[in-house]
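J.: So that we are looking at the same thing, I have put the structure below in structure tokens.
Just so it is clear, none of the values below were taken in a lab; they were calculated from the coordinates. Computed from a prediction, not measured in an experiment: that's the story for all the values here. Backbone-built Cβ (ideal geometry, glycine too); neighbour counts: all protein chains shown.
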Amino acid sequence: MTADLFALNADAQDLLFREAHTAKKFTDEPVSDEQVAAIYDLIKWGPTMTNSQPMRIVLARSEDARTRVVGHMLPNNAEKTANAPLIAVLAADMKFNRHIERIFPDAPFMAQMYEKDDFREPIADSQAWMQAGYFVMGIRALGLDACPMLGLDRPGLDADLFADSDLKCICVVLIGKPAEDAYGPRLPRLNYDEVVSVL
Ligand SMILES: Cc1cc2nc3c(=O)[nH]c(=O)nc-3n(C[C@H](O)[C@H](O)[C@H](O)COP(=O)(O)O)c2cc1C
């Protein structure tokens, strides 16, 4: 049983991975700001290139914000988004380098390196995605479920919500307690031999 090889106990492994599912339906139980803060305070320790931390979390809590996000979801995602206790829009700050001098006061080359848009922007995107993965695991660590979604009109959402900012939506994540019929059938995963090769 490979579960024995981990430093994390088997229950925690189940909670984060083996038993964790993508919820498609949630109970009405609200998700508080305190819970979101707890998730962020845990997942902020995940690594990013040069500690760049480009992911931003935009919580759509008002009726107006929720309706606007739902309006950009593809039809198969609209209803579950409209009914979710909490809608989080995850975005990349395309000018995350505004914080770099504070984080690395003694390394001016970092600021210079990130001045070039064609170097900085793919890093904003890829590193925000790394943090999005940590975010999903943080949600699970709190005993909640996440439904990350890419089935939406991201340029449309950006134009609607982020027109006056440097944020670009990477995905939308629904957060809450799973309803009884929250899960579809467990889809198969690729086997070790299909994924790992040794050179
Ligand atoms: C980046 C990303 C985008 C996804 N987009 C959608 C989506 O648009 N709609 C949806 O219902 N599920 C979406 N999913 C959920 C996946 O289909 C789901 O996580 C996967 O099939 C595994 O399901 P399981 O966790 O229940 O095993 C997305 C997942 C990720 C990580």
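J.: What does the extension gain come out to for Arg102 and Glu180, with contour length at 0.36 nm per residue minus their alpha carbon separation?
T.: Stretched out fully, the Arg102 to Glu180 stretch lengthens by 23.4 nm.
J.: Go ahead and estimate [θ] at 222 nm for the chain from helices alone: -39,500 (n - 2.57) per DSSP H run with n ≥ 4, summed, over the residue count, rounded to 500.
T.: -11500 deg cm²/dmol
J.: Now for a separate question. If packing is taken as the mean number of other Cβ atoms within 10 Å per residue, what is the order of 118-128, 42-52, highest first?
T.: Going from most to least packed, we get 118-128, 42-52.
J.: Still on this structure, I have one more. Pairs Lys24/Lys177; Lys25/Lys168; Lys44/Lys116; Lys24/Lys44: which exceed 19 Å Cα-Cα?
T.: Lys25/Lys168; Lys44/Lys116; Lys24/Lys44
J.: Figure the gain on full extension for Glu63 and Met49 (residue separation times 0.36 nm, minus the Cα-Cα span) and round it to one decimal in nm.
T.: 1.4 nm
J.: About the Cα centre, and with charges only on the beta carbon of Lys, Arg (+1) and Asp, Glu (-1), how big is the dipole of region 22-176? Nearest 20 debye, please.
T.: 300 debye
J.: Please label the shape of region 54-96 as rounded, prolate or oblate, based on the square roots a ≥ b ≥ c of the eigenvalues of the alpha-carbon gyration tensor (a/c under 1.5 means rounded; beyond that, a/b larger than b/c means prolate, else oblate).
T.: Judged from the Cα gyration tensor, region 54-96 comes out prolate (a/c at least 1.5, a/b above b/c).
J.: Tell me the Kirkwood radius of region 22-176: reciprocal of the mean inverse pair distance over distinct alpha-carbon atoms, in Å.
T.: Mean inverse Cα-Cα distance, inverted, gives 16.1 Å.
J.: How much FRET efficiency would the formula 1/(1 + (r/R0)^6) give for Asp33 and Phe119, where r is the Cβ-Cβ distance and R0 is 30 Å, rounded to 0.05?
T.: 0.30
J.: Continuing with this model, one more query. Cα centroid distance between region 58-122 and region 130-159, in Å?
T.: 11 Å
J.: Here's a follow-up. Along Cα→Cβ, 7 Å out, is where each label goes; now give me the distance between the ones at Thr22 and Asp160 in nm to one decimal.
T.: 2.1 nm
J.: Still on this model: Provide Thr81, Thr67, Thr22 in ascending order of the number of other Cβ atoms located within 10 Å of each residue's Cβ, fewest first.
T.: Ordered from fewest to most neighbouring Cβ atoms within 10 Å, Thr81, Thr67, Thr22 come out as Thr67, Thr22, Thr81.
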